[in-house]
Amino acid sequence: MNTAGPQQNLSDARAAKTGVCSCVVGLQWGDEGKGKIVDLLAGEHDAVVRFNGGANAGHSVVVAGSRYALHLIPSGILYPGKLAVIGNGVVVDPWKLVEEMDGLAGRGVDISGLVVSDRAHVVLPYHKQEDALREDLLNRGSDADGAGNIGTTRRGIGPAYADKCQRAGAVRMGDLFRDEALAERIGLALSIKKPMLDGLGASSDNDASALIRSCKDAARRIGAARVRDTTRLLHDTLDAGKRVLFEGANGTLLDVDHGTYPYVTGSSCVSSGVGTGTGVPAARLSRVIGVMKAYTTRVGAGPLPTELNDNTAHRIRERGREYGTTTGRPRRVGWLDLVATRYSATINGATGLALTMLDVLSGFDEVRVCTSYRVNGEQTDWFTPDALALAGAEPVWTTLPGWSDDLSGCRRRTDLPVNARKYVDFLESFIGAPAQIVSVGPGREQTMLE
Ligand code: IMP
């Protein structure tokens, strides 16, 4: 019999909700090295959760000399026994998910902790077709420099999120296991998609029965037991006093609201996306780590104020292997934009920074950072995500002394050459957050923790 009074029960219930939530987000245009940081932090958490994006993301992690490229599955999967959750805010390509599951299992990785929200929306082949056709048409319709399209990953991300908002005919992961609902939804969707895609010049026939069969096959391979109410699972996990790490995909400057719209992705890439993308209130995040590279990169179209098109860019691209994990495209490269990263740290409420790829900047006599912009003759140090305004922003540089030493063997901040240390100090004080992690190579061990 419960003899405790109501007051006692209330405080017991509160005491039980002591689980800790942390979040890792990108402070630039994606590809900041979040995969490695999540992998490092996953060891001290019980669950790792994706809350946004889809197979457009590409997180590479190197464990014991082996490189793993993950697109949909949270990087925490590489630790046996952890929960790896794909939240409701993610758009899931079920065939890609199966491919990734098989790839990991084939390399001996335990994937038993993988769970997918039944409310995550499904990316279907017609979303990818629509994505590619729109990109081609926009590109053709643009002026000579080809800036009409967004330069998407063509993974169907934008069309899948658009259909989520359209509602009728959208398919969620849970629907893959309900025969009638699946047939009805795909039928509805195709009644709109077919004429639309035909009109855009699509060649595929988008046959409903074949698509339903293929969906069911993917669903069978994913397994019904994995697809469930992850909001409840996460709250139960937190109520049991466990630690949950949220893994942001893409980057703040690609966020559909706070990024350089329209050159953005379709989801909430920022820490507040945890609330909508998982059902765990963002207010529960006690730690938000903003990941940033020691320089800037971007793939796809859109403004990049610090972009370089010279030998320095070439050196950084080659040393940093700046080619997309998802698409293989060469990334655009520039010096570090501190105006942009400070804005991102502010939007996310970053409590700390993880600085990656510092080793790539070795060998320059001097290094530059952008500390304000000149826009229409006026100097400003507040980032504007307005793509048109940003396209006219001219960087104002601060030049810092470079260093020539190889940093890849440094394990403590004090191991760094003095000018590299000064570089880190400068960006910490500019952004106003401590660099709690500094990474000098892809391996787990090539890391300095503060
Ligand atoms: P989408 O997400 O495929 O629609 O692409 C929209 C824009 O976001 C394009 O410029 C992509 O290159 C970019 N993008 C999407 N995901 C990532 C990522 O994980 N890293 C870097 N860029 C990305």
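The values are calculated or read from the model by the stated rules, or taken from the named source; none is laboratory data. These numbers come from a predicted model, not from an experiment. Ideal geometry is used to build each Cβ from the backbone, glycine not excepted, and the neighbour counts take in all protein chains shown. Quick note on the areas: whole protein, heavy atoms, side chains included, nothing else; ligands and nucleic acids left out. Shrake-Rupley method; radii C 1.70, N 1.55, O 1.52, S 1.80 Å.
Here Leu355 meets each of (1) open to solvent by 10 Å² or more (accessible area, probe 1.4 Å); (2) under 22 Å from the mean Cα position of the chain (by Cα) with one exception, condition (1). Val91 meets each of the listed conditions (1) under 12 Å from the mean Cα position of the chain (by Cα); (2) within 14 Å of the ligand (Cβ to nearest atom) apart from (1).
Considering segment 310-329, the residues that are open to solvent by less than 20 Å² (accessible area, probe 1.4 Å) and modelled with pLDDT of 95 or more include one that is nearest to Gly273 (Cα to Cα), namely Glu322. Candidates Ala189, Ala170: the one that is modelled with pLDDT of 95 or more, surrounded by 14 or more Cβ atoms within 10 Å (Cβ to Cβ), away from the ligand (no atom under 16 Å from the Cβ) and assigned to a loop (DSSP other than H, G, I, E, B) is Ala170. In segment 41-101, counting only strands (runs of 3 or more DSSP E) that sit wholly within it, the ones holding 3 or more residues that are open to solvent by 10 Å² or more (accessible area, probe 1.4 Å) span 59-63, 66-70. Scanning segment 218-229 for residues that are touching a residue at least 60 places away in the same chain (Cβ under 8 Å) and in a loop (DSSP other than H, G, I, E, B) returns a single hit, Asp229.
Confirm whether Arg213 is without any contact (Cβ under 8 Å) to a residue 12 or more places away in the chain, more than 16 Å from the ligand (Cβ to nearest atom) and not in a strand (DSSP E or B). It is true that Arg213 is without any contact (Cβ under 8 Å) to a residue 12 or more places away in the chain, more than 16 Å from the ligand (Cβ to nearest atom) and not in a strand (DSSP E or B). Name the residue that is nearest to the ligand (Cβ to nearest atom), counting only residues in segment 283-299 that are open to solvent by 20 Å² or more (accessible area, probe 1.4 Å) and in contact (Cβ under 8 Å) with a residue 40 or more places away in the chain. Result: Val299. Residues in segment 415-450 that are at pLDDT 95 or above and open to solvent by 50 Å² or more (accessible area, probe 1.4 Å): 10 in all. Inspect segment 116-136 for any residue being away from the ligand (no atom under 14 Å from the Cβ), part of a loop (DSSP other than H, G, I, E, B) and open to solvent by less than 20 Å² (accessible area, probe 1.4 Å) and give the result as yes or no. Yes, the conditions are met somewhere in segment 116-136.
For segment 22-40, what are the residues that are in contact with a strand residue (DSSP E or B) (Cβ under 7 Å, 6 or more places away or on another chain), open to solvent by less than 10 Å² (accessible area, probe 1.4 Å) and within 11 Å of the ligand (Cβ to nearest atom)?
Gly26, Gln28, Trp29, Glu32, Lys34, Gly35
crowded, with 19+ Cβ neighbours inside 10 Å, more than 15 Å from the ligand (Cβ to nearest atom) and not assigned by TED's automatic domain parsing to the domain that holds Pro94, is that true of Leu200? Against the criterion (crowded, with 19+ Cβ neighbours inside 10 Å, more than 15 Å from the ligand (Cβ to nearest atom) and not assigned by TED's automatic domain parsing to the domain that holds Pro94), Leu200 does not qualify. Taking segment 330-339 as the region of interest, how many residues are more than 17 Å from the chain's Cα centre (by Cα) and either within 15 Å of the ligand (Cβ to nearest atom) or open to solvent by 10 Å² or more (accessible area, probe 1.4 Å) (or both)? Looking only at that region, the number is 5. In segment 336-345, the count of residues that are β-branched (Val, Ile, Thr) and more than 25 Å from Val256 (Cβ to Cβ) is zero. For Glu307, the conditions (1) within 16 Å of the ligand (Cβ to nearest atom); (2) under 16 Å from Gly53 (Cβ atoms); (3) surrounded by fewer than 24 Cβ atoms within 10 Å (Cβ to Cβ) all hold with the exception of (2). Selection of first residues in segment 49-60 that are more than 12 Å from Ser267 (Cα to Cα) and of second residues that are open to solvent by 10 Å² or more (accessible area, probe 1.4 Å) and among the charged types (D, E, K, R), restricted to Cβ pairs under 7 Å at least 6 apart or on distinct chains, gives the following pairs, ordered by first then second residue: Ala55/Lys96; Ala55/Arg155; Ser60/Arg67.
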